[in-house]
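Below is one structure; the comments refer to it alone.
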4 protein chains.
Amino acid sequence: MEAATEIAEVGRGFYHRGWVLGTSGNFSAVVSDEPLRLAITSSSVDKGRLAAEHILQIDGSGNVLEGSGRPSAETLLHLAVVRLRDAGAVLHTHSVWSNILSDAHASEGGLAIEGFEMLKGLEGVSTHEHREWLPIIENWQDMVRLAGAVEEVLARHQEAHGFLLRRHGLYTWGKDIAEAKRHVEILEFLLEVRGRTHVALR
Amino acid sequence: MEAATEIAEVGRGFYHRGWVLGTSGNFSAVVSDEPLRLAITSSSVDKGRLAAEHILQIDGSGNVLEGSGRPSAETLLHLAVVRLRDAGAVLHTHSVWSNILSDAHASEGGLAIEGFEMLKGLEGVSTHEHREWLPIIENWQDMVRLAGAVEEVLARHQEAHGFLLRRHGLYTWGKDIAEAKRHVEILEFLLEVRGRTHVALR
Amino acid sequence: MEAATEIAEVGRGFYHRGWVLGTSGNFSAVVSDEPLRLAITSSSVDKGRLAAEHILQIDGSGNVLEGSGRPSAETLLHLAVVRLRDAGAVLHTHSVWSNILSDAHASEGGLAIEGFEMLKGLEGVSTHEHREWLPIIENWQDMVRLAGAVEEVLARHQEAHGFLLRRHGLYTWGKDIAEAKRHVEILEFLLEVRGRTHVALR
Amino acid sequence: MEAATEIAEVGRGFYHRGWVLGTSGNFSAVVSDEPLRLAITSSSVDKGRLAAEHILQIDGSGNVLEGSGRPSAETLLHLAVVRLRDAGAVLHTHSVWSNILSDAHASEGGLAIEGFEMLKGLEGVSTHEHREWLPIIENWQDMVRLAGAVEEVLARHQEAHGFLLRRHGLYTWGKDIAEAKRHVEILEFLLEVRGRTHVALR
């Protein structure tokens with residue numbers, strides 16, 4: 001299962017940057033389309049030791065087909081993104097800046113990032129004049145409710161390359177793991193720039 | 001002594017994150033319950049070079065049974081946590097943010113962390129709506145006095161997953177080394193989020 | 001192609017520091033002077049995986065002579081720097097602080113850095129009393145226009161060791177890759193010092 | 001030359017933490033006392049690639065006895081510290097926080113650090129109630145003048161474990177390389193805590 005190896009390597013890289021400490025974060029990649037088969041991180045794994053053996057294979061209803069362990073509690077969100085964005089991979093990080101900014105901008109329902117060259121790292125964006133709206137969704141433990149909120153936001157913001165869960169973290173995706181990884185790096189970078197800007201501009 | 005190898009690896013990882021620079025920090029794990037045998041870092045070891053040979057084995061009174069060197073000066077605190085929390089491992093870091101926040105909130109006697117998904121990485125916490133109270137204890141060089149203060153705080157705050165020593169650092173624990181390591185990562189992450197929040201929210 | 005191996009190693013180092021996340025950044029080195037042959041990073045490569053095979057060889061008009069892939073979109077800027085500064089290598093990073101400061105100081109047209117010992121790491125600077133003026137250039141997607149702006153700034157600021165593109169990043173160069181790498185480290189360091197200074201001085 | 005290997009390893013470690021970017025920083029260790037022989041980093045070496053071959057051996061007047069290259073421009077400062085403190089090793093870093101704080105507190109002539117457990121990592125300090133006064137010396141390119149200023153400060157502040165050169169960096173030392181390395185980590189940690197404290201306390 002090649003996807004598992006690639007997911008594990010990407011995950012350990014994020015751990016080293018401090019974007020998925022502890023057992024936080026979860027990652028998935030589509031292995032086949034019809035029927036849908038998703039490789040997804042098992043729940044409760046130390047992301048610093050993430051290995052291919054911690055990646056399960058599930059079907060479109062979240063049933064485990066291969067591997068042992070429980071799939072991530074947030075499997076429903078991954079499935080929603082795959083379905084509504086036709087994504088080949090979904091990556092979810094818990095960084096310091098996504099926690100801070102998702103809280104600071106919660107009342108506005110999202111965060112606009114505009115005017116940065118780095119935005120061109122997002123698929124389909126060809127100019128820094130792009131305005132990326134990163135929706136912020138209130139966090140819930142009820143996964144059916146949360147998946148519903150995610151679906152509604154994805155439908156309303158067709159252009160969005162990711163979203164934030166409040167005081168929780170970032171979700172982004174791509175046509176494959178490499179593209180989704182790039183989106184994580186771009187968005188985490190831009191969140192850090194936004195978060196630190198207040199200091200420099202005063 | 002497998003615990004020694006695992007402690008050493010965890011310790012070097014914390015060193016790379018800057019949570020135990022110099023010879024700061026100390027780590028222990030229960031090797032047997034009855035009679036109590038604790039593997040614990042020797043005093044004055046460079047945490048960047050921590051190896052299994054720097055881990056001693058002591059009894060419940062702090063006497064060295066195996067290995068050479070003096071056990072950590074804070075052995076009494078480790079023993080208190082093991083006894084009062086039935087912990088299998090105790091980890092103590094000296095991070096920048098635990099130093100800053102333990103001082104900033106000292107007069108309140110603790111620091112509340114609430115509403116973050118990351119809190120679910122703490123054993124027994126199943127919702128971000130959890131409110132973690134991290135008690136802050138005044139720092140003393142008299143270890144008997146300090147151990148007494150720790151015991152009193154542990155008794156008063158049965159739910160706490162860790163505590164801060166003022167201008168000193170974080171103590172946390174778990175049923176085993178892996179759980180204690182996860183608790184360090186979760187709590188250090190949340191301390192960093194708290195410490196940086198002021199910048200972003202203004 | 002030795003230059004390719006060295007460029008790749010330098011690039012992965014910058015990735016680890018977070019100065020070229022995603023596919024951001026691009027690097028080049030002169031392989032021969034007459035006729036001009038430039039080794040330059042291919043477009044859209046994950047900088048964490050940059051390898052010698054991702055480095056193309058182009059002529060002075062940007063035509064690919066060796067290797068497969070498109071040369072960096074910013075090839076014209078590299079060629080302008082090579083020509084006007086007689087540079088042997090050109091390195092371009094996208095760091096958090098260069099993004100923040102290039103925006104904060106855009107209306108002044110540049111940023112002065114003065115009085116730091118670290119400035120002596122810039123070629124030809126022999127005292128910390130040096131005043132480095134880092135010009136800031138408005139960012140454009142039209143590369144002919146942007147190259148024109150770069151040429152004009154390089155002509156006007158003969159002493160400058162680098163320049164910033166607004167909300168985009170840093171360009172610097174050197175007589176060889178080692179010197180250009182040193183200039184990146186010196187300037188990124190000084191930008192971080194400048195960016196963080198506000199906090200400490202209040 | 002064992003000292004050379006150890007110096008090189010310590011130096012690369014500091015480079016990875018960002019404390020000696022570019023060719024900044026210099027390190028030395030006493031190889032013999034009578035007559036004085038000092039192993040010291042050669043000038044202008046990329047600290048990320050520092051190897052034993054970049055370490056020279058000099059006598060007490062700074063003449064090169066072994067190795068090729070020029071000894072560090074700051075050799076006189078190393079010799080002054082060795083003489084006046086009977087040090088076995090001297091390490092000099094250029095960190096972001098030492099640059100910021102040496103400037104912010106220059107008019108007071110130094111910086112007090114007090115009340116932190118981490119201070120106990122400094123040789124001879126046995127309680128966090130210790131008050132460390134880190135003198136700040138104005139930076140000069142004239143090394144004779146600067147060495148004179150260093151000697152005067154070392155004589156006046158017999159207790160100091162290090163000093164800052166304004167907008168330049170930190171000097172500290174120890175009886176051997178291991179102790180000097182520990183002092184760098186302790187002091188850099190405490191400078192970071194001091195530098196970041198303003199944010200958290202407001």
_Test result for A:G69, at positive phi and of a type in the set (G, A, S)_ = yes
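Residue-by-condition table, conditions (1) open to solvent by less than 30 Å² (accessible area, probe 1.4 Å); (2) modelled with pLDDT of 95 or more; (3) among the β-branched types (V, I, T):
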site: A:V31; (1), (2), (3): no, yes, yes
site: A:L36; (1), (2), (3): no, yes, no
site: A:I40; (1), (2), (3): yes, yes, yes
site: A:S44; (1), (2), (3): no, no, no
site: A:R49; (1), (2), (3): no, yes, no
site: A:H54; (1), (2), (3): no, yes, no
site: A:Q57; (1), (2), (3): yes, yes, no
site: A:L65; (1), (2), (3): no, yes, no
site: A:S68; (1), (2), (3): no, no, no
_Considering only segment B:176-196, I want to know if a residue exists there that is facing chain D (nearest Cβ under 10 Å), within 24 Å of B:Q141 (Cα to Cα) and touching a residue at least 12 places away in the same chain (Cβ under 8 Å)._
no
*asked:* Considering only residues that are farther than 15 Å from B:G25 by Cβ, open to solvent by less than 50 Å² (accessible area, probe 1.4 Å) and small (G, A, S), which ones fall in segment B:138-164?
replied: B:A147, B:G148, B:A149, B:A160
*Quick check, is C:L91 touching a Phe, Trp or Tyr at 6+ places or on another chain (Cβ under 6 Å) and either open to solvent by less than 10 Å² (accessible area, probe 1.4 Å) or part of a helix (DSSP H, G or I) (or both)?*
yes
*Those residues that are open to solvent by less than 20 Å² (accessible area, probe 1.4 Å) and not charged (D, E, K, R), I need them from segment B:176-195; list them, please.*
B:I177, B:A180, B:H183, B:V184, B:I186, B:L187, B:F189, B:L190, B:L191, B:V193, B:G195
*Consider A:L111 carefully, then state whether it is open to solvent by less than 50 Å² (accessible area, probe 1.4 Å) and more than 27 Å from C:W19 (Cβ to Cβ).*
no
_Residue tally, condition among the hydroxyl-bearing types (S, T, Y) and more than 13 Å from every other protein chain (Cβ to nearest Cβ), over segment C:30-58_ = 3
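Only residues that are among the hydrophobic types (A, V, I, L, M, F, W, C) and touching a Ser or Thr at 6+ places or on another chain (Cβ under 8 Å): list them for segment A:8-35, please.
If the condition is that a residue be among the hydrophobic types (A, V, I, L, M, F, W, C) and touching a Ser or Thr at 6+ places or on another chain (Cβ under 8 Å), then A:F14, A:W19, A:V20, A:F27 are the ones that fit.
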*asked:* Which count do you get for residues in segment C:56-85 that are touching a residue at least 40 places away in the same chain (Cβ under 8 Å) and not β-branched (V, I, T)?
replied: 12
*Do we find that D:W173 is within 13 Å of chain C (Cβ to nearest Cβ), open to solvent by 10 Å² or more (accessible area, probe 1.4 Å) and aromatic (F, W, Y) in this structure?*
no
*Hey, D:F27 hits all of (1) away from every other protein chain (no Cβ under 14 Å); (2) surrounded by fewer than 21 Cβ atoms within 10 Å (Cβ to Cβ) but one; which does it fall short on?*
(2)
*Can you pull out the residues in segment C:164-202 that are in a helix (DSSP H, G or I), at pLDDT 95 or above and aliphatic (A, V, I, L, M)?*
C:I177, C:A178, C:A180, C:V184, C:I186, C:L187, C:L190, C:L191, C:V193
*asked:* Quick test of your reading of the structure: C:Q141 fulfils all but one of (1) within 14 Å of chain A (Cβ to nearest Cβ); (2) part of a strand (DSSP E or B); (3) without any contact (Cβ under 8 Å) to a residue 40 or more places away in the chain. Name the failing condition by number.
replied: (2)
_Qualifying residues in segment C:94-115 (those that are within 11 Å of chain A (Cβ to nearest Cβ) and assigned to a loop (DSSP other than H, G, I, E, B)) - the one farthest from C:A149 (Cα to Cα)_ = C:S95
_Of all residues being open to solvent by 20 Å² or more (accessible area, probe 1.4 Å) and more than 11 Å from every other protein chain (Cβ to nearest Cβ) in segment A:126-135, which is nearest to B:T127 (Cα to Cα)? Just the residue, please._
A:W133
_Number of the condition not met by D:R167 [criteria: (1) over 17 Å from the mean Cα position of the chain (by Cα); (2) within 14 Å of chain C (Cβ to nearest Cβ); (3) open to solvent by 10 Å² or more (accessible area, probe 1.4 Å)]_ = (1)
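The values are calculated or read from the model by the stated rules, or taken from the named source; none is laboratory data. Quick caveat: nothing in here was measured; it's all calculated off a predicted structure. Reconstructed Cβ throughout: ideal geometry from the backbone, glycine too, with neighbour counts over all protein chains shown. Ligands, DNA and RNA are excluded from the accessible area calculation, which covers all protein heavy atoms including side chains. Shrake-Rupley method; radii C 1.70, N 1.55, O 1.52, S 1.80 Å.
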